[in-house]
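Written out below as structure tokens is the structure these notes cover.
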Amino acid sequence: MEAIERWVGYVEREPPETWGSQQNAVVDDQLAAARSADVSATHRRRVRELATTTVDERDGE
């Protein structure tokens with residue numbers, strides 16, 4: 001949790017041009033890891049639905 005709090009502080013202090021490429025690298029690596037994992041289509045669908053619900057709730061939809 002401490003690492004997340006440090007990252008949030010960094011993102012709040014620095015402009016996106018500074019940290020954007022770093023965040024993109026993390027996201028790209030996570031996507032690559034997820035794609036290489038042996039998960040079922042059902043699991044992928046549940047994760048996608050949860051992500052959609054989470055974003056919708058955050059955006060007030």
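The values are calculated or read from the model by the stated rules, or taken from the named source; none is laboratory data. Keep in mind that this is a model prediction, so the values were computed, not measured. Note: ideal-geometry Cβ built from the backbone for every residue, glycine included; neighbour counts use all protein chains shown.
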Does T42 satisfy being β-branched (V, I, T), surrounded by 10 or more Cβ atoms within 10 Å (Cβ to Cβ) and not in a loop (DSSP other than H, G, I, E, B)? no
Pairs returned, first residue in the stretch 38-53 that is in contact (Cβ under 8 Å) with a residue 24 or more places away in the chain, second residue that is assigned to a helix (DSSP H, G or I) and of a type outside the set (F, W, Y), beta-carbon separation under 7 angstrom, 6 or more apart or interchain, are none
Test E61 against the stated conditions and say whether it is without any contact (Cβ under 8 Å) to a residue 24 or more places away in the chain, more than 16 Å from the chain's Cα centre (by Cα) and assigned to a helix (DSSP H, G or I). no
Within the stretch 12-33, does at least one residue satisfy the condition of being outside any helix (DSSP H, G or I) and hydrophobic (A, V, I, L, M, F, W, C)? no
Tell me which of these R13 doesn't satisfy, since it passes every other one: (1) loosely packed, with under 10 Cβ neighbours inside 10 Å; (2) at pLDDT below 95. (2)
